[in-house]
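The structure appears right after this line, and notes come after that.
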Amino acid sequence: MSPEIAGEFTQTFHSLAAELSASDLDRFLHATSLIEVPAGRKLIKARMPVDSIYLVLSGRLDVFAESKEGAIKVSEIGPGEWVGEISVLSGDDRASATVSTATDVRLLRLRHEAFENLIIGEGELPVLMLQHLVLLMSARLSELVEMLSKLILDRSVVSRGSETEPAGIDVRDRAAYWPECRLADASASFRGFLHTLPGVESFSAADFEMLYNAVKLTLYPAGHVFTLQGQRGDSIFVVVDGAVSQRTHNPVANTVSEAVLNVGEWFALTSLAKELPEFSTASAIKPVFVASLTRDSFNRLFDESSAIARFVLYMLVKELARKVQLTLLSILAVSVESR
């Protein structure tokens, strides 16, 4: 990468570049390639495969949620922002939205494979990249949630009634089929359990001990509420024994869906993102062993262990990507319904 492009990147992405060492900056830029796209072109098309992330050096792009019925503009992207990250982080290589060039643009292209290689690499670079993405995606998600709220308030076709229970579920009988705790006391096997979690098994002994000492294992009684949809949480959780109910109110259809969170599943990750509310209500239907990590504890670990920081932030950006996808679908549904 030429010194001129490196200088342009440093100036445009100053908050990220300022924290990178010279070697990390060189490694990052070496993984990218410069492309120029004229105005009026579709850089990314909704529901089509995407193989790259783009970093905007100059120009402006428009983002549209699209369906057969039409499209709605949801945001603008300018210099210093990323685009195309949702597909690689959500696990779905198809685009969630269409991105068109409103002006001539200069972009750094980072292919998905190169992005993954940087994220699993050593040093501070992966953590700084993920931290930058968390801030960017949290801000975007907040804007989309605000846009969705306004669209719902403005529509007049559907009146807001009471929430509808998931089809086929009798609330009174939920406890009858709910998974039981297998252990009378999960504390004896908790160390071994934590060590087998994907991503944790590769921790060094020192990093593992830091995580083990920071999380708190608790047997929660039936009826305990971990998170409330619409309110900000202060901890992330992982199910150790038993199961947790995760219920999500869909404001568009005015229905409630329920997911069962089983052993090894993390939840409430968005509590670590700045000023984002919870997107679901999580509760215990039967007694359940759950381990928690508070936001304050994570912030301390962030400064002490890059391995733990990368592990948690990677889970968080993936969750943010899924939330962005779902919110875009809801915005599109309200827009189509209002026509």
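With r defined as the distance between the Cβ atoms of residue 182 and residue 139 and R0 fixed at 45 Å, what FRET efficiency is calculated, to the nearest 0.05?
0.60
Ignoring ligands, DNA and RNA, what accessible area per residue does the chain give at 1.4 Å, in Å²?
On the way: 16140 Å² over 339 residues.
Result: 48 Å² per residue.
Give me the distance in nm between label points sitting 7 Å out from Cα along the Cα-to-Cβ direction at residue 149 and residue 48, one decimal.
My value for the distance between the label points is 3.5 nm.
Quick check: residue separation of residue 71 and residue 337 times 0.36 nm, minus the Cα distance between them. What number comes out in nm?
94.5 nm
Any idea what the dipole of the chain comes to, in debye rounded to 20, about its Cα centre with Lys/Arg Cβ at +1 and Asp/Glu Cβ at -1?
Roughly 900 debye for the chain.
Along the charge dipole of the chain, pointing to its positive end and built from +1/-1 on Cβ of Lys, Arg, Asp and Glu, which listed residue (53, 240, 224) has its Cα farthest out?
Of the candidates, 224 comes out farthest on the positive side.
Considering only protein heavy atoms and a 1.4 Å probe, what is the carbon-and-sulfur percentage of the accessible area of the chain? If you can, show how the numbers build up before the last one.
On the way: 8480 of 16140 Å².
In the chain, the share of accessible area belonging to carbon and sulfur is 53 percent.
Quick one: dipole size for the range 1-153, taken about the Cα centre, charges +1 on Lys/Arg Cβ and -1 on Asp/Glu Cβ, in debye to the nearest 20.
Working: 14 positive and 22 negative charges, 132 e Å.
Computed charge dipole of the range 1-153: roughly 640 debye.
What is the total of Lys pairs in the range 26-157 with C-alpha atoms under 16 Å apart, excluding same-chain pairs fewer than 8 positions apart?
4
Please give me the summed charge of the neighbours of residue 214: other residues whose Cβ is under 15 Å from its Cβ, Lys and Arg +1, Asp and Glu -1.
Details: positive: 191, 216, 295, 300; negative: 207, 209, 234, 296, 303, 304.
Result for the neighbourhood of residue 214: -2.
Between (1) 63, 58, 28; (2) 65, 48, 44; (3) 78, 53, 40, which matches Cα extents along the principal axes in Å calculated for the structure shown?
Label (1) holds the value from this structure.
Which whole DSSP H helices in the chain pass both tests: a Cα extent of 18 Å or more along the axis and a mean Kyte-Doolittle value no lower than 0.0?
Passing helices, by number: 125-154, 306-337.
Cross-link partners among lysines for residue 286, C-alpha distance below 24 Å, same-chain residues fewer than 8 apart left out?
Correct list for residue 286: 216.
For every other residue with a beta carbon closer than 15 angstrom to the beta carbon of residue 203, add +1 if it is Lys or Arg and -1 if Asp or Glu, then tell me the sum.
Its environment carries a net charge of -3.
The values are calculated or read from the model by the stated rules, or taken from the named source; none is laboratory data. Values in this document were obtained by computation on a predicted structure and should not be read as measured data. FYI the Cβ positions are ideal-geometry reconstructions off the backbone, even for glycines, and counts take in every protein chain you see. Note: areas computed on protein heavy atoms with side chains; ligands, DNA, RNA excluded. Shrake-Rupley method; radii C 1.70, N 1.55, O 1.52, S 1.80 Å.
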